[in-house]
Amino acid sequence: MTDKAGPLLEGKKTTEARNIIIEWLKNNRLLEREEIIEQNIPKAQRSGGIIEPLPKRHQFFVNVNKPIRERGNKTIKELLREVVTTEKIKILPERFEKIYLNWIDNLRDWSISRQIWYGIMPPVWYKPPAPIGDKLDYVVSKTSPGKEWTRFNDTLDTWFSSGLWTFSTLGWPEETEDFKTFHPTDVLETAYDILFFWVARMILMSQVLIGDIPFRTVYIHGLVRDEKGRKISKSLGTNIDPVDMIEQYGADAVRMAMIIGTSAGNDSKVSLEKFKAYKHFANKLWNISRFVLMNINPDIIDSKPILTAKENGYLSELDGIVKETTRNFDEFKFYLAAEKIYHYIWHTFADKIIEEEKEAVKNGSTLAQWLVFSILVTCLKLLHPFMPFITEEIWSKLPIKNKKMLLIEDWPH
């Protein structure tokens, strides 16, 4: 409390001042009654301290309704709406387009002033002492206009600065080769809870400053929750450290656990049991590959034998899996692609084909050996986007002449 609160309260914290006032009222017989009233008191997430807003006299805003001459006199709201309604930018799943447009239609001027200890300071200068009235004389400059000028010690809103990343990281405002080559980017992937905070701000910055879209497709994923459906959060104590999970179960198992069962825009649950399950799958893939590599003659790889109806049936089924997973990739249904590959490798390739061909492979059948090796090659290619480490390691051991890294091999077709 300041000196304007009087000598009774000066220098006291607000919580202390309240008790002092109550005692003063009691001592002067001015307190009529006391009662308990439940209030929703805002508290800091980390410290638990009560948040007490302090009004600022001067704030910087982005005017979202002002026509921009360089952009055909369209306003920011019009620019943000137009790129989605004309499908220059596609938001997946489509239901999030309605949420996005609802936000834009109700958009208000955006306050970009923040009073936090770390961040990018706006390039705005004023002459102290700042005037008490509403008008403030200031200049915008990258460098100080002179010794008598003081820079505002506010910082820019986090989303203001992060909204610049699609082009600021490529050398903008210079017309660099990186900028010409990589902007706009193709796909942005993010969670639905920052669709407005980040995605809309990136579109805003890109539209206003360079007159272009920042990306063509926005793929929205859900939030990661624990097995009880609670949000993964440090403050809630439900946090799962991915580094710990990788050390226990392997990076590939963690990746698969995060993808399978996670449809676009919907929340997903993770648990130690799920990580463990895909570690077992990784072990299964090792065992499949070990069996094939230990029992084939490398000389048969490049010579396709005459196939019977049974082998053609196996390859036709695999071709169907390739087409389905390719379509799933094109439609951003990654969870379906991963699940189909998982089930094919475990239940069709391992449980059915290898079991039926095992003795023939061991006995030197060229047909059986060529078949299981060819299927393994295709499976590794299909699985690589989801489990890149184990598939690349197995690929390095395959007796294929002049092969490249699996990372840059052609997709099966």
- Among residues of the range 193-204 being touching a helix residue (DSSP H, G or I) at 6+ places or on another chain (Cβ under 8 Å) and among the aliphatic types (A, V, I, L, M), the residue surrounded by the most Cβ atoms within 10 Å (Cβ to Cβ) is I203
- Subset of the range 185-208 [closer than 17 Å to E87 by Cβ and either among the charged types (D, E, K, R) or free of Cβ contacts under 8 Å to residues at least 12 places away in the same chain (or both)]: D186
- Item | Cβ pairs under 9 Å, 6+ apart, first in the range 234-260 and touching a residue at least 24 places away in the same chain (Cβ under 8 Å), second buried (at least 20 other Cβ atoms within 10 Å of the Cβ) and of a type in the set (D, E) | none
- Message: Please determine whether any residue of the range 155-162 is in contact with a strand residue (DSSP E or B) (Cβ under 6 Å, 6 or more places away or on another chain), in a loop (DSSP other than H, G, I, E, B), touching a residue at least 12 places away in the same chain (Cβ under 8 Å) and open to solvent by 30 Å² or more (accessible area, probe 1.4 Å).
- Response: no
- Filter result (under 22 Å from I259 (Cβ atoms) and surrounded by fewer than 17 Cβ atoms within 10 Å (Cβ to Cβ)) within the range 382-404: P388, F389, E392, E393
- Query: How many residues are within 22 Å of A191 (Cα to Cα), in a loop (DSSP other than H, G, I, E, B) and open to solvent by 20 Å² or more (accessible area, probe 1.4 Å) if we restrict to the range 238-259?
  - Reply: 3
- When the range 165-196 is checked residue by residue, the ones that are of a type in the set (A, V, I, L, M) and within 22 Å of L92 (Cα to Cα) are V187, L188, A191, I194, L195
- Just one listed residue, out of K231, K279, is at pLDDT 95 or above and over 30 Å from T169 (Cα atoms), and it is K279
- Just need a number here: residues in the range 261-305 that are closer than 19 Å to K381 by Cβ and either among the acidic types (D, E) or touching a strand residue (DSSP E or B) at 6+ places or on another chain (Cβ under 9 Å) (or both). 1
- Task: Go over the candidates Y314, Y342 one by one and state the one that is hydroxyl-bearing (S, T, Y), touching a residue at least 60 places away in the same chain (Cβ under 8 Å) and under 25 Å from K279 (Cα atoms).
- Result: Y342
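Looking at I41, I21, which one is open to solvent by 70 Å² or more (accessible area, probe 1.4 Å), outside any helix (DSSP H, G or I) and farther than 30 Å from D137 by Cβ?
On the way: I21 fails: outside any helix (DSSP H, G or I).
The match here is I41.
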- Of everything in the range 270-284 that's in contact with an Asp or Glu (Cβ under 8 Å, 6 or more places away or on another chain) and hydrophobic (A, V, I, L, M, F, W, C), which residue is nearest to E339 (Cα to Cα)? A282
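Within the bounds of the range 172-191, is there any residue that is of a type in the set (V, I, T) and within 28 Å of Q59 (Cα to Cα)?
no
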- Query: Quick check: is even one residue across the range 154-162 within 18 Å of the chain's Cα centre (by Cα) and more than 29 Å from Y118 (Cα to Cα)?
  - Reply: no
- Item | Residues satisfying the stated conditions in the range 356-408, i.e. out of contact with any helix residue (DSSP H, G or I) (no Cβ under 7 Å at 6 or more places or on another chain), within 12 Å of I300 (Cβ to Cβ) and of a type in the set (S, T, N, Q) | S365, S374
- Note on the range 166-184: residues in contact (Cβ under 8 Å) with a residue 12 or more places away in the chain and surrounded by 15 or more Cβ atoms within 10 Å (Cβ to Cβ) are T166, F167, L170, W172, F179, H183, P184
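The rows are residues; the columns are (1) modelled with pLDDT of 95 or more; (2) aromatic (F, W, Y); (3) at negative phi.
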{"position": "F61", "(1), (2), (3)": "no, yes, yes"}
{"position": "T86", "(1), (2), (3)": "yes, no, yes"}
{"position": "Y100", "(1), (2), (3)": "yes, yes, yes"}
{"position": "S111", "(1), (2), (3)": "no, no, yes"}
{"position": "W117", "(1), (2), (3)": "no, yes, yes"}
{"position": "G133", "(1), (2), (3)": "no, no, yes"}
{"position": "T150", "(1), (2), (3)": "no, no, yes"}
- How about the range 71-98: which of its residues are over 17 Å from Q207 (Cα atoms) and loosely packed, with under 14 Cβ neighbours inside 10 Å? E94, R95, K98
- Please find, among I76, I91, the residue that is more than 30 Å from N328 (Cβ to Cβ) and not small (G, A, S). I76
- Task: Go through the residues of the range 212-232 one by one and say whether even a single one is loosely packed, with under 14 Cβ neighbours inside 10 Å, part of a helix (DSSP H, G or I) and either free of Cβ contacts under 8 Å to residues at least 60 places away in the same chain or of a type in the set (V, I, T) (or both).
- Result: no
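The values are calculated or read from the model by the stated rules, or taken from the named source; none is laboratory data. Please read all numbers here as calculations on a predicted model, not as lab measurements. All Cβ positions, glycine included, derive from the backbone under ideal geometry; neighbour counts span all protein chains shown. Surface areas here come from the heavy atoms of the whole protein model, side chains and all, with no ligands, DNA or RNA. Shrake-Rupley method; radii C 1.70, N 1.55, O 1.52, S 1.80 Å.
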